[in-house]
Each structure stands twice: as structure tokens, then as C-alpha cells.
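Undergrad: Here you go, one structure.
The values are calculated or read from the model by the stated rules, or taken from the named source; none is laboratory data. Note that this is a predicted model, so its numbers are computed, not measured. Here the Cβ positions follow ideal geometry from the backbone for every residue, glycine too, while neighbour counts run over all protein chains shown.
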């Protein structure tokens, strides 16, 4: 039913845990299955440098969460924001049609984490000129 890659990521998930002071945090879930993901990203110069997750769910949900953290590291925020669930499923060697919601949940977690990161950047710009706060005389 599952590929060897899915089983490997389920049995030995990568990047499980939290990132203290994460630059972006995303949460997503599937109310029908009860699966949830919390995704934590560290981002420097527009590139994901670290990713961690906590997932409650089935084998496919855990595998998709693990795989997406590996996929994210080294990607730009633009690449991350454009991820599709098919990308995650393909990286896992495929998922059964009844489990595609697991890769969709992981992709939604990425999008919400990137959105959180961008909102934080807008709220706390590092450069006063970017914020429009500095007046010229």
C-alpha cells in the first residue's frame, strides 16, 4: 500500500520537534481525518535554513511532514510558498488516492508558515527605510 520511502519517513521521521524563536510557524489540519501539523521554519536571507514539525496523524501524515521538512531546507520562500501536495506525494514515491489529503495538509502547513513569516517581516521590518518610518529632510 505504501512505498518504501513513505515507510522510511514514517518509521524514522526527520526533523521532528520545535524551533525556538522560529521565523515562521504554520498550522494545518484535516477535520475529517483528525490529522494536524505544526511546522516551524528558520529563514535567513529569503532561504529556509531549518524546518521542524510536530504531526498528529497516520503514517502518511507523518511521512509527508517529514519529507516536506527535507524538501524545504535550502529552498527560497517563493519556492516554498508555491509547493503543491503532488510535489510531496511524488517525493514520497506516491500516496494512495485516499491518503492525498496528508500531502495536502503538509503543503497547507508550509503555506501558513510562509504567510506567518511574511506577516512578521511586515510587522517588524529590519530597515527603517523599508518601513517608511525615516523621514528625509
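Undergrad: Looking at the structure I just gave you, is residue 113 within 26 Å of residue 36 (Cβ to Cβ), crowded, with 16+ Cβ neighbours inside 10 Å, modelled with pLDDT of 95 or more and out of contact with any strand residue (DSSP E or B) (no Cβ under 7 Å at 6 or more places or on another chain)? Lay out the reasoning, then the answer.
TA: Numbers: within 26 Å of residue 36 (Cβ to Cβ): yes; crowded, with 16+ Cβ neighbours inside 10 Å: yes; modelled with pLDDT of 95 or more: yes; out of contact with any strand residue (DSSP E or B) (no Cβ under 7 Å at 6 or more places or on another chain): no.
Spelling it out, it is not the case that residue 113 is within 26 Å of residue 36 (Cβ to Cβ), crowded, with 16+ Cβ neighbours inside 10 Å, modelled with pLDDT of 95 or more and out of contact with any strand residue (DSSP E or B) (no Cβ under 7 Å at 6 or more places or on another chain).
Undergrad: Among the candidates 55, 87, 36, 5, which residue alone is surrounded by fewer than 19 Cβ atoms within 10 Å (Cβ to Cβ) and not in a helix (DSSP H, G or I)?
TA: On the way: 55 fails: surrounded by fewer than 19 Cβ atoms within 10 Å (Cβ to Cβ); 87 fails: not in a helix (DSSP H, G or I); 5 fails: not in a helix (DSSP H, G or I).
Just one listed residue meets the conditions, 36.
Undergrad: While we're on this one: If you take the residues of the stretch 9-33 that are touching a residue at least 24 places away in the same chain (Cβ under 8 Å) and part of a helix (DSSP H, G or I), which of them is surrounded by the most Cβ atoms within 10 Å (Cβ to Cβ)?
TA: It comes out as 9.
Undergrad: Let me ask something else. From 35, 85, which residue is under 17 Å from residue 6 (Cβ atoms) and under 12 Å from the mean Cα position of the chain (by Cα)?
TA: Details: 35 fails: under 12 Å from the mean Cα position of the chain (by Cα).
The match here is 85.
Undergrad: Something else about it: If we scan the stretch 118-134, do we find a residue that is out of contact with any helix residue (DSSP H, G or I) (no Cβ under 8 Å at 6 or more places or on another chain), loosely packed, with under 15 Cβ neighbours inside 10 Å, at pLDDT below 95 and at positive phi?
TA: Yes: one or more hits.
Undergrad: Between 81, 63, which is modelled with pLDDT of 95 or more and crowded, with 24+ Cβ neighbours inside 10 Å? Spell out the reasoning first.
TA: Working: 81 fails: crowded, with 24+ Cβ neighbours inside 10 Å.
Residue meeting the stated conditions: 63.
Undergrad: Next question, about the same structure. Scan the stretch 1-44 for residues that are under 18 Å from residue 114 (Cβ atoms), at pLDDT 95 or above and out of contact with any strand residue (DSSP E or B) (no Cβ under 8 Å at 6 or more places or on another chain) and report the count.
TA: Number of matching residues: 1.
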